[in-house]
Amino acid sequence: QVQLVESGGGLVQPGGSLRLSCAASASPFTIYLMGWYRQAPGKERDLVATITSTGSTTYADSVKGRFTISRDNAKNTMYLQMNSLKPEDTAVYYCNAERGPFHYWGQGTQVTVSS
């Protein structure tokens, strides 16, 4: 069983920045593909970004150039640096750990972009 705990969400003005963190109990952490997803009210949960154990990344088109995903394997932690935030980025952000058919989820952290 993998436990994931997100932190770093909050209220920010348009154009601002936030950094999300995801602390994982997974061991070894490196065997998991890690990712961030988000879910806005009334919408489905969508993929934001993923990162492999070796640092290869993918991003949704809507966040390319603004968000950066990273991980520190020594600290069992993943990050999402979010810059130039827009109101449409408002959502609950979830951390995900994937290995084969298994997906593990955190409880989510709210990000609200509003003036």
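Couple of notes before you dig in:
- Of the listed requirements (1) over 10 Å from the mean Cα position of the chain (by Cα); (2) open to solvent by 70 Å² or more (accessible area, probe 1.4 Å); (3) modelled with pLDDT of 95 or more, Ala74 misses just one: (3).
- The stretch 66-76: number of residues that are of a type in the set (Gly, Ala, Ser) and in contact (Cβ under 8 Å) with a residue 12 or more places away in the chain: 1
- Residues of the stretch 4-14 include none that is within 15 Å of Ser53 (Cβ to Cβ) and open to solvent by 40 Å² or more (accessible area, probe 1.4 Å).
- Meets criteria (surrounded by 14 or more Cβ atoms within 10 Å (Cβ to Cβ), in contact (Cβ under 8 Å) with a residue 40 or more places away in the chain and either under 17 Å from Gly108 (Cβ atoms) or touching a Leu at 6+ places or on another chain (Cβ under 8 Å) (or both)) for Tyr32: no
- Options Tyr79, Tyr104, Tyr59, Tyr94: the member that is open to solvent by less than 80 Å² (accessible area, probe 1.4 Å), among the aromatic types (Phe, Trp, Tyr) and free of Cβ contacts under 8 Å to residues at least 12 places away in the same chain: Tyr59
The values are calculated or read from the model by the stated rules, or taken from the named source; none is laboratory data. All of these numbers come straight from a predicted model, not from anything done at the bench. Using ideal geometry, Cβ is built from the backbone for each residue, glycine included, and neighbour counts are taken over all protein chains shown. Side chains included, ligands, DNA and RNA excluded: accessible areas come from the protein's heavy atoms. Shrake-Rupley method; radii C 1.70, N 1.55, O 1.52, S 1.80 Å.
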